[in-house]
Structures are given as structure tokens and as C-alpha cells.
Amino acid sequence: KVSAEIVKKATVDLLDNVTFDFKAGFMTVIGFDARHYQRLDKHSIFAVRFAGATSFGSEKILYFLGAVVNWLFQQFNNDIPIPVSDDFAFQTLASNLRGFEYNIRNGNNYALLNNELRVPIFKYFSKNIKSNFINNFQVVGFFDVGTAWQGSTPFDKDSPLNTVYISNPPTVNVKVNYFRDPIVAGYGFGIRSVLFGYFIRLDYAWGIETRVVQEPVFYFSLGKDF
């Protein structure tokens, strides 16, 4: 799937004097989502998803990379700096990247690769499964890798991710650049099934940031999207 979107802001007044005024500039969003499902045997599947998007123009979308879609007990990472700019008109999530909270990386661009091995273990032992929970039960192993960034490249040394400003008025103003790898990854395992009509997902994942394995994160989420 490839998508393109152009947004033009306008002011409409339908009260005393009817006016319709187009504002200056516009926002353009281009995105893609490619998926492939490779059957390994009669039941197990290896699934791959490659997705990304970019927004540009006078207004942009700020993408928050990390975690999973429809995370029920979600958490947000406040240690990663958020770009200070009037250009961002909207915010949205870029998932899944398991092993982290939301906002492990951010920016007006993102790219994401998901890999999953899905094994419906009970189907190997019985052909006549009447339980909806057991019939849909899957054990999943996964590996995610991705990045989100502001500007032309995630490796820009002046990226907000790697830049800190320290101020001590009236005389001291310091700009500090340090290395934080823009690309992050996560790996782990999980289970999937249907319970009370809902498709539930339980994941346990370890994130890798700047070549350091992080503490594991547990996810309880709903939904079938990948």
C-alpha cells in the first residue's frame, strides 16, 4: 500500500460576513506499508512488514516511534527530547517497535521493519479443535528494527536527538552534541488468541538502544493489525 496526502489549511466564517480564506502553505504526507506472509509448513507462517512515512511542507506530522498498537497500559518515554517547532500540526504513533515505550525516537519521518514467526502449536496436535481460544492460539517470536528522525537524515549530527542546550544566564550558553544511535531494535516472544470475541496480544520484549540491551517490557494489547 502506498499513500499520498495533501492538506491545506483554511479559515471559514459562516456568521455575519461569510468568508473563506486559504492560509499560506500546505502539508504533504507520503507513506507506504508492504507485507509478505511466507508459509513454512501447513500451519506456521513467517510474516514481514516494512512501513514508513514522511511529512513535509509548512506543517508536518510528528511521529512517535515505539511500543505496539492499542497498548492497554501504555507508557510514554519522556527522556527522548521532542522537537520544539511550530511546524508540527499533528501527532501520531509509529508502531510496532517492541522493547520500548512510545517515543523511543521521534520526528517527521519514520521507517520500520517487523519480522514475526507465528506458530499455532495446538493445530499440530489436533485437527478438530472446537475451542475458539485454542484454535486461534499462536506462539510468536519477533524482531523489530526502526527509526524516526527530523530533517533529511537520521544521522545528522545536529539532530534534536543528539543535541542538548545548557544555559546558565547571563554569560554561559553551551550546545552539547553526543552520540545516540538513531536506529533501535527489539526482540522477544508473545502469544496471540481470541478471548470473549477480542483478539488479544501478549508480548515480552527486550529493546536494543545504542548497542545496549534494555530492561524487558511487557505489552497487553488488542487488535489484529500485523
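Return only the number of the condition from (1) at positive phi; (2) within 21 Å of the chain's Cα centre (by Cα) that Gly25 does not satisfy.
(2)
Taking the residues in the stretch 4-52 that are small (Gly, Ala, Ser) and open to solvent by 80 Å² or more (accessible area, probe 1.4 Å) as candidates, determine which candidate is farthest from Arg98 (Cα to Cα).
Ala24
Residues of the stretch 130-153 being part of a loop (DSSP other than H, G, I, E, B), under 27 Å from Asn114 (Cα atoms) and out of contact with any helix residue (DSSP H, G or I) (no Cβ under 8 Å at 6 or more places or on another chain), which ones?
Asn136, Gly151, Ser152, Thr153 - these are the residues of the stretch 130-153 that are part of a loop (DSSP other than H, G, I, E, B), under 27 Å from Asn114 (Cα atoms) and out of contact with any helix residue (DSSP H, G or I) (no Cβ under 8 Å at 6 or more places or on another chain).
For the stretch 42-88, enumerate the residues that are aromatic (Phe, Trp, Tyr), more than 26 Å from Ala4 (Cβ to Cβ) and outside any loop (DSSP other than H, G, I, E, B).
Start the filter on the stretch 42-88 by keeping residues that are aromatic (Phe, Trp, Tyr), which leaves 46, 50, 56, 63-64, 71, 73, 76, 88.
Still in the running and more than 26 Å from Ala4 (Cβ to Cβ): 46, 71, 73, 76.
Hits for the stretch 42-88 are Phe46, Trp71, Phe76.
Going through the stretch 167-194 one residue at a time, which ones are open to solvent by 70 Å² or more (accessible area, probe 1.4 Å) and not in a loop (DSSP other than H, G, I, E, B)?
Correct list: Ser167, Asn168, Asn173, Lys175, Asn177, Tyr187, Phe189.
Within the stretch 92-148, which residues are among the basic types (Lys, Arg) and more than 12 Å from the chain's Cα centre (by Cα)? Outline the logic, then answer.
Here is the first cut: in the stretch 92-148, the residues among the basic types (Lys, Arg) are 98, 105, 118, 123, 127, 130.
Arg118, Lys123, Lys127, Lys130, listed by residue number.
Sort out which residues of the stretch 167-201 are within 19 Å of Leu72 (Cα to Cα) and touching a Ser or Thr at 6+ places or on another chain (Cβ under 8 Å), and write them in order of number.
Phe199, Ile200, Arg201
The values are calculated or read from the model by the stated rules, or taken from the named source; none is laboratory data. Owing to the predicted nature of the structure, the values given are computational and were not obtained by experimental measurement. Cβ: placed from backbone, ideal geometry, glycine included. Neighbour counts: every protein chain shown. Remember, those area values only see protein heavy atoms, side chains included, never the ligands or the DNA or RNA. Shrake-Rupley method; radii C 1.70, N 1.55, O 1.52, S 1.80 Å.
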